[in-house]
Amino acid sequence: MFKALKPFRRLWPQAVAVTTLGLLMSSPALAVEPIKIGLVAALSGQSAKSGEALTRGLTIAIDEINADGGILGRPVELIRRDDESNPAKGMLAARELIQREKVTVLFGGLDTPVSLAIVPLANQMKVPFMGAWAAGTSITQNGASDNYVFRVSAMDEIVDEALVQYGIDEYGMQKPGMLLINNPWGESNEKGFRHALEQREMEWAGIERIEGSDLDVIPQLTRLKNAGADTLLMVGNVGPSAQVVKSLDRMGWDVPVVSHWGPAGGRFSELAGPNADRVHFIQTYVFTENNSAKGDEVLSALKARYPEIQSLADITPAVGIANAYDAMHLSALAIEKAGSTDGTAVRDGFYAIDNYAGLIKDYSTPFTPEQHDALGPQDYVFTHFVDGSIVPVKP
Amino acid sequence: MINKMSLANLLATAALTLGGVALSFTLDSYSLLVFSFFALTVVVGAGLNILIGLSGQISFGHIAFYAIGAYVCALLTMAGCPLGLAMIAAALVSGALGALLAIPALRVEGPYLAMITIAFALVVHHGLVEWRGLTGGANGLMGIPMPQLGDMDPAVLMALLASLLMGGSLLFYQRLRSSGWGTAMRAVKASDIAARSLGFNPVQTKTLAFGLSALLTGLAGSLVAPLMMFINPASFPFSQSILFVLAVIVGGAGSVLGPVLGALLIVLLPEMLSDMAEYRLLMFSGLLLGVLWIAPRGLLGTAARLWMRPQNLQAPAEPDMARIREFIARPANSAALEVNGIGINFGGVQAAANVSLSARPGSITSIIGPNGAGKTTALNMISGFYAPDSGSIRLDGELAGLPAWKVARAGIARTYQTTQLFGELSVLDNVLAGMQRGRLGRILSAASSAERDIAMQLLALVGYQGSVNTAADELPHVDRRLVEIARALASRPAVLLLDEPAAGLSRSDTDQLAALFRQLAGFNIAVMLVEHDMTLVMGVSDQLLVLDAGKPIAWGEPEEVRQLPHVIAAYLGGTEYQAPPRAEPWDGSRDARLFIKDLVLDYGAAPVVDKVNLVVNPGELIAILGANGAGKSSILQCLAGLHPATSGSILLDNESIHHSNAASIAARGLALVPEGRQMFPQLTVRDNLMLGAFARTDKVDVDAEIEAILRRFPRLRDRIDSPTGLLSGGEQQMVAVGRGLMAKPRILLLDEPSLGLSPAMIGELYDALAALRDEGVTLLLVDQMANLALQVADRAYVLETGRIVKSGSAEALRGDRELEAAYLGEGAVA
Amino acid sequence: MITAALLTGIGLGSMYALLALGFHITYVVSRTVNFAQGSAMMLGAVLGYSFCITWGWPIWLAIPATLTLSAIYGLAVERFLVRPFSSRGSDAWLMATVAAGILVDNLVMFTFGKEPRQFTSSLTESAFSLLGTQVSPLQLMIPLIGAAIALALMLVRRYTRLGKVLEACVQNPRAAMLMGIRVNWVVAIAFAVSAVFAAIAGMLIAPLFNVSAEMGTLFGLKAFAVAILGGIASAGGVFAAGLLFGLVEAIVTIYFGSAFTQIFTFALVILALALRPDGLFGSKTLVKV
């Protein structure tokens, strides 16, 4: 039998490595075993910047926690995996982190489809999954009876509600036109917008799809214009969002644009040109010239840890940093409350958190069995690009 | 009967499967998942290997079949269908779509085929996104149930399933490769033409390959659905298609275990290097390039070639004639091949007209004629590669216009001027492929031992003495001819067409062939030869058809045909033409312009030119004479740098040129007016002439020199701005000579300038050659019309099967009976 | 809307055509192509961006520098990815160029950066009104430059000595060798020209779109579809197919939305090849036995 397996062994060196590693692990602990925190996010490709932001937020928080003696007296360690913005890869990576690395809490990245792929796994494996960016409504509202998914980020349904309200309040919007990216994120928001508009019995000019490969979106915009749209509600990543602004310029159509946070993910002001500031978009947090005390503290920690950060413009996707930072501290509190790294205990630990003074806001009972989203509409802030940095529309 | 190689493959497959089963019970749950994906990738690789390795096609669209399998399975299991059934359905749907895709894919190859598969992948991907009602759009399908079997962990169950699929697919591939189906696919891949003339229908084999390949890929994809519990279009990115192809090619297309190595690379390597995941594609592409450069057969393919020499197995020394007779002999009263008045026209040129012949069972019929007479064209019409415009071809039924594979199945087998063996297949497999007579045969089992035995007998019959396990592309030239004949015989033909079977063979080999042909005729096969070895033709033929310029000029027994004056004239040229003689005999420098010593040329086989010595002095006009195939053109092409010399030396004005390439030889002042004129057909006469001066380094007054050419060939003046493709053959030949003169060459070589020209044209052309000679241009002329060439030449060399048999002054050679013998065979003298 | 969309369609179409002419020109002289023509286009855009924006070179220096480097890239593709395989009759050049495309895309991603960048150009910043829609000068220039290059290629081939040498290699490479023409060099030059065409397309399209390592992939595939549809051996056919493809895309986008353009256009490619295996404008070649 061993002989028969011999050639196979050679082809499967990792099996050997795993066995050896397993033997080492099962021997009495040599030092204090760290608590592992996993991150599955886009570390390569178009959305790599988002993964970088999440990493920074998590790292700053973990540094603070470790400086304070860790969690349950154990140091915290971050393990990252690239999902390449591909749900299949993301799910595989999540499995690896949960099953092999035995992470205590798993963090998710920018892409809603990837997070949606991980949700059933997290619930099945009973490991808390913390959404720090992706806003898809069904990530936390996944219908599972035993829900292990939490989020410190915006949620599409609430964002859409806030965008519609902002359009009405600021621009007197009566007949919005929707521009949605042709992917699950766009689909999730279509549902949200419809819901928000139907509640207000407001009719809309149309729903148009945009694609990353569109060289211009004039056909879509013209249809909306002809249908009488007075405000545009936009959901799209940086590239397509910038194409919308450029096409609007070329059409000479001066229409307000209220957007989800897609433009925050990259060099929007460069890609969209001089009129980038016409797009007002939602954020959960922005670093400004005058931050809260906590904000300044985190900002200086960031600058110390990452020398490449020189100015505010270098930390443009602040949402990723801020969400990840707060979510990490909340997770640490949950583990402390649980008193162990057991998944179910930690999940219940999240419910037990009472107060935490965070970067985005002061949290008070952020999670309950019914409410797995720590942020709500009152926590959103509308921003736009000015000279390459994101600043609040109303200081 | 199992050889070392397939035994090793079998053992490895069994070990892999057993190992997979063992691992399924021991690995931790994440490793199980990775292992399952590895196993499924092997299945896809085996499927793709059918397409790439067996049928020689390529697909960058296999991710689409993978996705289709996954979606079909997901939808069915979510609707409550058991996994097993859903997997079968997924495989069948993918296979059917694959066969459907083969329809457009079949008609194209190379980059066109790649495009169709890419387009297919993109259409399927976007289709999955947009067909929201069924596929859930970009969100995909969630909550796909895992299989349940007792209280077994579903992950273990799926890993087991994946291992079994892996083992099964490898075994399937291995069996398929040596089966009738596999042989048919490999035959079509290796030589589409030869496969068709053995009765294989390329449409059928390629469709099958596409279908089977898609089926396996869909089957693998179907297990992805429960493994992931979630699928969406983004789970199947286009780049994965390229990785699949990469897995097959890196491992070695066609090798059984290649995909295993490939899957290890694309699935396990990224796992081990998960910290460097972003460099994954960079590493893969670099690796692929490295493999393509260093080991073009793939890692395992190259290793196998280095370390796994095929077993040496010989055909019996003496054929068992009784068995062979039983196998291939035909009844004496079977139908004859009756060809009646067939002709064909290529773009206005009548390549053959009114060709008729009758080949009875048990007789040997030869078609002869000078170069360009349309012999091979006639053969191509009979074997179904060209559809004749008129006339009929009957053998039991009408065959004119049928595709080659149908003609082959009707009982007409053939061989080729340049042998068309299936290079990757062994000698034995080549013969066994012929034995299938175009039928696919059994899908999973190899040829029976009775079939192998008769194949060995046939190899013994033709006199093949090497190992039957040698790959055909490693054979020496003579053996290729023999194996090709054995392969044609294996299809038990009523008619055997042989296109120049003796080309490149030595005298003794040719004599043995003659004996073989008589033996074959003895089995009541109708044997037909197209051949220029007159000794062979005159010796074995029962009847002869002589073609000249596409038309039959004589039909009858060899003895009478070769006495006919117009047949001799067709070969040697008429004697009517009288060139203007030199005013006084040549008496120039003996400082050789061109000096050839011990020149040997071969095309990877017996030498076609053997130790030829030849001298051309400045201002001389030298002719090389000899029958078709004697090696005349080969010498000229070698001189011009189009074909390297095997050994010997060539000096042009005392400078060695035989290691130079064509362009630099042209620059040194040697110009060749090639056989067949070789115009740039869409360029005007003026441009053709201008390009003739390309290699010159002196200052050229192009207009003045073109004017000089026009004075020499006044006929061209009206045509100077027409595309040369529209000119008549004679006019084109004048352009060709003019183009050569534009180079102001130190020596001008002319290859068969009179070929295909009317007598009047020939006269005009030869007058011009005589004028050039008188102006002191150094000329080396090859023309099979010996009488013509001797009219203008100063001296001549006579070449027979690659050797100079005679040389002397043109005057002495004119009317020499031995010369006639060199053309029409020894018998002509007797 | 129709005007704007058609203008985009013609513009894109002429860029597909320019890339496809790159496929055409190498195919006719050597029966091979650089399958990763999209990467060559991306390289042109990235080099142009780096010279113009990152290093702030003046445009008259940046463009020649970009085109020269692209030509060198084309020569390298021929020398290392095509010739080693085509000279021994293998068609592995197809896989080799695909692999090289991936390699180049990834190398650019790690050096140039993962984020798309904007190639600002004064030609897109001003705009004027044409038939009811705002048009930037670049949008008008794109089809004009595309057509001009195609025309120039035609004129060069028809009327110059270099063009005739190229024609000679296309029509009868063996005879061309006998004339003393180094056919290998001509093939190498064809690959250089092919890469230069791609780079021009990349630089023209970049200001309208953006510059990123992945910008060429889909573009290259579409251009290849165009080359095949046009009948790759016919320059006129290829150019016509490019415009047709661009217009069909634009029209599908207007009436069905951009989500459907790829389904429609690529399904059309399959259909067209099923019905006319030698392309819409190609002609059947006789196979000699």
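Quick note: the coordinates plus some simple rules give every number you see, no bench work behind them. Values in this document were obtained by computation on a predicted structure and should not be read as measured data. Backbone-built Cβ (ideal geometry, glycine too); neighbour counts: all protein chains shown.
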> How crowded by other chains is B:266-273, given as the mean number of beta carbons from other chains within 10 Å of each beta carbon?
Replying inline: 2
> Using a ≥ b ≥ c from the Cα gyration tensor of the range C:25-87 (square roots of the eigenvalues), is it rounded, prolate or oblate, where a/c under 1.5 gives rounded and otherwise the larger of a/b and b/c decides, a/b for prolate?
Replying inline: prolate
> Whole number please: convex hull volume per residue of the Cα set in chain C, in Å³?
Replying inline: 141
>> Quick check: the angle from helix B:280-294's long axis to the longest principal axis of chain B, C-alpha only, nearest 10 degrees?
In response: 40
>> Tell me the relative contact order for chain C as a rounded percent, counting alpha carbon contacts under 8 Å between residues six or more apart.
In response: 38
> Which cross-chain or sequence-distant (5 or more) residues have an amide H under 5 Å from the amide H of B:Y416, H modelled 1.01 Å from N in plane?
Replying inline: B:D499
>> Could you identify which residue out of C:M215, C:M154, C:M15 has the top mean-square fluctuation in a GNM of chain C using Cα springs shorter than 10 Å?
In response: C:M154
> Working out 0.36 nm times the residue gap between B:R394 and B:T646, then minus their Cα-Cα distance, what length gain in nm do you get to one decimal?
Replying inline: 86.1 nm
>> If you restrict to DSSP beta bridges whose two residues both lie in chain B, what percentage is antiparallel, to the nearest 5?
In response: 55
> Along the three principal axes, how long is chain B when you take its alpha carbons, biggest first, rounded to the nearest angstrom?
Replying inline: 108, 70, 48
>> More than 18 angstrom separation, counting every C-alpha pair in the range B:606-656; what % is that?
In response: 33
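Can you pull the mean other chain C-beta count within 10 Å for peptide C:265-275? Numbers along the way, then the final one.
On the way: counts 3, 11, 6, 2, 8, 12, 2, 2, 9, 8, 2.
Mean shielding count: 6.
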> Helix-derived [θ] at 222 nm for chain B: sum -39500 (n - 2.57) over DSSP H runs of at least 4, divide by residue count, nearest 500?
Replying inline: -15000 deg cm²/dmol
> Dipole size in debye (nearest 20) for the protein assembly as shown around its Cα centre, Lys and Arg Cβ +1, Asp and Glu Cβ -1?
Replying inline: 2880
> R0 = 30 Å: FRET efficiency of B:Q519 with B:F346, Cβ-based, nearest 0.05?
Replying inline: 0.20
>> Taking 8 Å as the Cα distance limit and 6 or more residues as the minimum spacing, I'd like the relative contact order of the range B:321-561 as a percentage.
In response: 30
> Separation between the B:R717 and A:V386 pseudo-spin-labels, each 7 Å from Cα along Cα→Cβ, expressed in nm?
Replying inline: 8.7
> Per the Kirkwood formula on distinct C-alpha pairs, the Rh of the range B:321-561 is how many angstrom?
Replying inline: 18.1
> B:K597 versus B:D509, label points 7 Å from Cα toward the beta carbon: distance in nm?
Replying inline: 2.9
>> Tell me the angle of helix A:293-305 to the major Cα principal axis of chain A, expressed in degrees between 0 and 90 and rounded to the nearest ten.
In response: 60
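Cut-off is 10 Å between beta-carbons; in what order do C:F260, C:F110, C:F191, C:F245 appear when sorted fewest neighbours first? Please report the intermediate quantities before stating the final value.
Working: C:F260 17, C:F110 13, C:F191 29, C:F245 25.
The fewest-first ordering by Cβ neighbours comes to C:F110, C:F260, C:F245, C:F191.
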>> If you scale each eigenvalue of the Cα gyration tensor by 5 and take the root, what three semi-axes come out for the range A:157-283, rounded to whole angstrom and sorted largest first?
In response: 20, 15, 14
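Give the relative contact order (percent, whole number) for chain B; include only Cα pairs under 8 Å separated by 6+ residues.
Numbers: 1675 pairs, mean separation 97.2, N = 830.
Result for chain B is 12 percent.
How large is Rg over Rh for the range B:630-702, taking Rg from the Cα atoms and Rh as the Kirkwood inverse mean of 1/r across Cα pairs?
Numbers: Rg = 13.9 Å, Rh = 13.7 Å.
Rg/Rh: 1.01.
Lys and Arg at +1, Asp and Glu at -1: add these up for the other residues within a Cβ distance under 13 Å of A:A122 and post the number.
Working: positive: A:R95, A:K126, A:R151, A:R347; negative: A:D146.
Neighbour charge sum, excluding A:A122 itself: +3.
To the nearest 20 Debye, how big is the dipole of the range B:321-561 about its Cα centre, given +1 on the beta carbon of each Lys and Arg and -1 on that of each Asp and Glu?
Numbers: 20 positive and 24 negative charges, 155 e Å.
Charge dipole of the range B:321-561: 740 debye, to the nearest 20.
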> Using 0.36 nm per residue, how much length does the chain from B:R746 to B:A812 gain when fully extended, once their Cα-Cα distance is taken away?
Replying inline: 21.0 nm
> Taking the DSSP beta bridges in chain A as the whole, what percent of them are antiparallel, to the nearest 5?
Replying inline: 25
> Taking springs between alpha-carbon atoms closer than 10 angstrom, which of C:V108, C:V82, C:V46 fluctuates most in the Gaussian network model of chain C?
Replying inline: C:V108
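Using the Cα gyration tensor of the range B:4-237, with a ≥ b ≥ c the square roots of its eigenvalues, what is the shape: rounded (a/c below 1.5), prolate (a/b larger than b/c) or oblate (neither)?
Numbers: a/c = 2.44, a/b = 1.27, b/c = 1.92.
Because a/c hits 1.5 or more and a/b fails to exceed b/c, the range B:4-237 counts as oblate.
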>> Given the DSSP H assignment, sum -39500 (n - 2.57) over each helix run of at least 4 residues in chain A and divide by its residue total; what's the result at 222 nm in deg cm²/dmol, nearest 500?
In response: -14000 deg cm²/dmol
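With charges set only on the Cβ (+1 for Lys and Arg, -1 for Asp and Glu), what does the dipole of the range B:4-237 come to about its Cα centre, in debye to the nearest 20? Write down the numbers at each step before the final one.
Numbers: 9 positive and 6 negative charges, 161 e Å.
Charge dipole, the range B:4-237, about its Cα centre: 780 debye, nearest 20.
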> At B:L134 and B:D701, where each label point lies 7 Å from the Cα along Cα→Cβ, what is the point-to-point distance in nanometres?
Replying inline: 7.7
> For chain C, list the DSSP H helices whose alpha carbon atoms reach 20 Å or more along the long axis and whose average Kyte-Doolittle value is 1.6 or above?
Replying inline: C:59-76, C:93-112, C:183-205, C:215-230, C:235-256, C:261-275
>> If you consider only alpha-carbon coordinates, what radius of gyration and Dmax does the protein assembly as shown have, in Å?
In response: 37.9, 123
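Indicate, rounded to the nearest 5 percent, the antiparallel portion of the DSSP beta bridges found entirely in the protein assembly as shown.
Details: 56 of 122 bridges.
Bridges in the protein assembly as shown are about 45 percent antiparallel.
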> Once the other residues with Cβ under 15 Å from the Cβ of A:G295 are scored (Lys, Arg +1; Asp, Glu -1), what is the net sum?
Replying inline: -3
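222 nm [θ] for chain C, helices only, -39500 (n - 2.57) per DSSP H run of 4+, per residue, to 500?
Details: 13 runs with 204 residues, N = 289.
Helices in chain C give a 222 nm mean residue ellipticity of -23500 deg cm²/dmol.
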> What shape does the range B:277-390 take by its C-alpha gyration tensor, where a ≥ b ≥ c are the square roots of the eigenvalues and a/c under 1.5 counts as rounded, a/b above b/c as prolate, and the rest as oblate?
Replying inline: oblate
> For the pair C:F128 and A:E289, what calculated FRET efficiency results from E = 1/(1 + (r/R0)^6), where r is the Cβ-Cβ distance and R0 = 45 Å, to the nearest 0.05?
Replying inline: 0.65
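Considering just Cα atoms, how many Å³ per residue does the convex hull of the range B:594-828 enclose? Mind dumping the intermediate values first?
On the way: hull volume 28.6 nm³, N = 235.
Output value, Cα hull per residue: 122 Å³.
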> Pairing the Cα long axis of helix B:477-490 with the longest principal axis of chain B, what angle in degrees results, from 0 to 90 and rounded to the nearest 10?
Replying inline: 60
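Fewest to most neighbouring Cβ within 10 Å: what's the order for C:C169, B:C638? Can you show the working numbers first?
On the way: C:C169 27, B:C638 24.
With the sparsest Cβ surroundings first, the list reads B:C638, C:C169.
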